[in-house]
1. Hey, does segment 77-100 have a residue that's closer than 25 Å to SER225 by Cα, modelled with pLDDT under 90 and either among the polar types (S, T, N, Q) or over 19 Å from the mean Cα position of the chain (by Cα) (or both)?
2. Being part of a helix (DSSP H, G or I) and more than 19 Å from LEU37 (Cβ to Cβ) is the filter here, so list the residues in segment 182-202 that pass it.
3. Of the residues TYR23, TYR100, which is under 19 Å from TYR245 (Cα atoms), part of a helix (DSSP H, G or I) and not charged (D, E, K, R)?
4. Only one of (1) part of a helix (DSSP H, G or I); (2) touching a Leu at 6+ places or on another chain (Cβ under 9 Å); (3) not acidic (Asp, Glu) is not met by ILE218, so which one is it?
5. Being of a type in the set (S, T, N, Q), modelled with pLDDT of 90 or more and under 13 Å from the mean Cα position of the chain (by Cα) is the filter here; which residues of segment 204-259 pass it?
6. Answer with yes or no whether THR205 is free of Cβ contacts under 8 Å to residues at least 12 places away in the same chain, part of a helix (DSSP H, G or I), β-branched (Val, Ile, Thr) and closer than 23 Å to LYS105 by Cα.
7. So which residues in segment 118-139 are outside any loop (DSSP other than H, G, I, E, B), of a type in the set (Gly, Ala, Ser) and more than 20 Å from the chain's Cα centre (by Cα), if there are any at all?
Amino acid sequence: MFSTMLQSLPQVLIDGLALGAIYAVVALGYTMVYGILELINFAHGEIFMTGAFVGTAVLFLFQSFGVLGGLPAWLSYVLIIFVAMMVTGALGVGIERVAYRPLRKAPKLISLISAFGVSFVLQDLIRFIAELKTGNYIVSTPSLFEGRIDLPLSSISGAFTNASIKTNTIFILIVAILLMVGLDMFVNRTKWGVAMRAVAQDRETASLMSINVNKVIILTFFIGSALGGSTGVLFAQQYGTIDPYIGFILGMKAFTAAVLGGIGNIRGAMFGGLVIGVLEMFASANLGLLTNGNFGAEYKDVFAFAILIVVLIFKPEGLFGKAIKEKV
């Protein structure tokens, strides 16, 4: 059993890192909004889902007009991601203005209920549009990158079997790394990033220091939502099928990743996403072996939420978070 698990480990790591990179970028949206407003934006999973549908719609539109004919696949991919990021970024700003800003001084529970309401509205709206245009709410996405690269690991070590990596997976990892590094540099090395960190520390004091808090919050929602939309495109290209309900479970797992790394901590969210992705793929590949065939890959989701429970019990501030003592 363990020899079989070891042999498949390289393929599990490759697939897990691709999935984990998607979780990590989506988790950044959760952790950014929480760091500024101390609000769990549970509509963020649906923004990710909207990005997947927007990217697929743009891809169909480009194909119908022959726009992609003379462009390299990677450039077409970048254009589609850019459009999805702009649309979902604007959507995030609109959601903040309509559903969250009027409730800023209300109890946190009210804002949480509003987030769930936005989530259900987006689900049904995207389903209605998809069925209106295609007759089905489940949509298949054409792949821009075809082919796989074989990795002859068995010739290097007899402990492993040969693995392969999809060309699209390589692109996902590159884009995810660029987005995460870019966000980290933006937050830590720009004036707007300093303003974000100041508002996260103390909103009222930041406003007294000539920082426009509303603009910072709008920028935070735009960037977080744009990141979610970009990963929606990556997900659609990687797995080929999307529906209006993909955002719920994936959003919950990304939220788990944010909690694991330390909600409000950007680098922690990145780390948490990669860990959750690798563990989920490991469970999917080996759960049947570990339980003698009693449980299949469909139970892999248990791992992510079990991690959430354990972290909340033993280290609620997360692996990279810091416990804050309240003054009595």
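1. Scanning segment 77-100 turns up no residue that is closer than 25 Å to SER225 by Cα, modelled with pLDDT under 90 and either among the polar types (S, T, N, Q) or over 19 Å from the mean Cα position of the chain (by Cα) (or both).
2. Matches in segment 182-202: GLY182, ASP184, MET185, ASN188, ARG189, LYS191.
3. That would be TYR23, the only listed residue that is under 19 Å from TYR245 (Cα atoms), part of a helix (DSSP H, G or I) and not charged (D, E, K, R).
4. (2)
5. Passing the criteria: SER225, SER230, THR231.
6. So THR205 passes the test.
7. ALA130
Conditions tested, residue by residue: (1) out of contact with any Leu (no Cβ under 8 Å at 6 or more places or on another chain); (2) without any contact (Cβ under 8 Å) to a residue 60 or more places away in the chain; (3) surrounded by fewer than 24 Cβ atoms within 10 Å (Cβ to Cβ).
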| position | (1), (2), (3) |
| --- | --- |
| ALA21 | no, no, no |
| LEU37 | yes, no, yes |
| ALA43 | no, no, no |
| GLU46 | no, no, no |
| GLY55 | yes, no, no |
| LEU59 | no, no, no |
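The values are calculated or read from the model by the stated rules, or taken from the named source; none is laboratory data. What you are looking at is a predicted structure, and each value in this text was computed from that prediction instead of being measured. Glycine also receives a Cβ, built like all others from the backbone with ideal geometry; neighbour counts cover every protein chain displayed.
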